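Data block below; observations after.
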Amino acid sequence: MFKPVSPKLKINPMEEGVLRFWKHRHIFQKSELARQGAPEYVFYEGPPTANGKPGVHHVLARVFKDIFPRYKNMSGFHVVRRGGWDTHGLPVEIEVEKRLGFTNKSQIEEYGIARFNELCRKSTFEYIQDWEKLTDRIAFWVDLDDAYVTYTNDYIESVWWILKNFWDKGLLYQGFKVVPYCPRCGTPRVGSFRYCRSCQFDFDSAEPVAPTDQRAHGDPPRVGGGPNRGCVRLILLTLGGWAVLWVLVGGLAAIVLGLLWPIAVLSVLGVLAGLNLLPRDWYPY
């Protein structure tokens, strides 16, 4: 009744055969045309930066981006799956800085911001073929022929148009957020430190940057709340793992007891824990 299945199944040739069939028969395009006029499920891909090579973590992200539009399409929705390319931010700038041998922001200003931006623009699509090859190989159905690019005027103007609509509707407000500051790059790190791995920090010359002028909003919080206490700002740096637990416990003790020694002691324990230098029975697992 059923065809025998060989125990020596070759997965890669089978997958490549399916991909060739989809490509030659335009299955992706036909799946979109078949849903014309159906309820819309809007999908905008959070675009990758194409000036860096794709890695295995990008495979996981793009699989997730493929699952939900594919499911919605199979559920009867019309899904315009338009891809995009991110061309802004530190990934592009740091790559160009490495090529020029720059180590700080002032060198960019001396070189010329316009010239530097032009190199960044040219660097944007250096590995686009690698990205397209990866996208095809993992069967990520997305339209890259009509992909949006974040440095084009129409994209930038669309962002300003959205912000204006938010402003007109009273949805924008001013707030404050404490974020890491990179003295080498001369910029706050709103996302994470992962793009600053090449940064060489000089903590002797770096100064903490307050998110706002506290004088305009009253005195900053005082540890312990007593009238004779000095104003104290705490900066916590952990190495991950159980170091986070130790430092959080120390920070809680400092807030509740109004003392600084618990956070000093437990922060040291946190650093030792992050370096796996504590006795094994000291770890809470």
Do you know which residues across the range 47-65 are in contact (Cβ under 8 Å) with a residue 40 or more places away in the chain and part of a loop (DSSP other than H, G, I, E, B)? Pro47, Pro48, Thr49, Ala50, Asn51, Gly52, Lys53, Pro54
Residue set Trp161, Trp141; condition of a type in the set (Phe, Trp, Tyr) and either over 25 Å from Pro54 (Cα atoms) or not in a loop (DSSP other than H, G, I, E, B) (or both); output residue Trp161
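Restricted to the range 47-63, and to residues that are in contact with a helix residue (DSSP H, G or I) (Cβ under 9 Å, 6 or more places away or on another chain) and surrounded by fewer than 16 Cβ atoms within 10 Å (Cβ to Cβ), which residue is farthest from Thr87 (Cα to Cα)? Walk me through how you get there before you give the answer.
If we filter the range 47-63 for residues that are in contact with a helix residue (DSSP H, G or I) (Cβ under 9 Å, 6 or more places away or on another chain), which is where we start, we get 48-54, 58-59, 62.
Applying the additional criterion that residues be surrounded by fewer than 16 Cβ atoms within 10 Å (Cβ to Cβ) yields 53, 59.
Numbers: Lys53: 14, Val59: 20 Å.
Filtering the range 47-63 for residues that are in contact with a helix residue (DSSP H, G or I) (Cβ under 9 Å, 6 or more places away or on another chain) and surrounded by fewer than 16 Cβ atoms within 10 Å (Cβ to Cβ), the one farthest from Thr87 (Cα to Cα) comes out as Val59.
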Top-ranked residue in the range 1-46 [being in a loop (DSSP other than H, G, I, E, B) and crowded, with 16+ Cβ neighbours inside 10 Å; ranked as farthest from the chain's Cα centre (by Cα)]: Arg35
Matching residues in the range 66-116 - criterion: being in contact (Cβ under 8 Å) with a residue 40 or more places away in the chain, assigned to a loop (DSSP other than H, G, I, E, B) and under 22 Å from Gly37 (Cα atoms): Gly76, Phe77, Val79, Val80
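We did not get these values from a lab; they are worked out from the coordinates using the rules stated. From a predicted model like this one, the values you see are computed outputs, not experimental measurements. Note: ideal-geometry Cβ built from the backbone for every residue, glycine included; neighbour counts use all protein chains shown.
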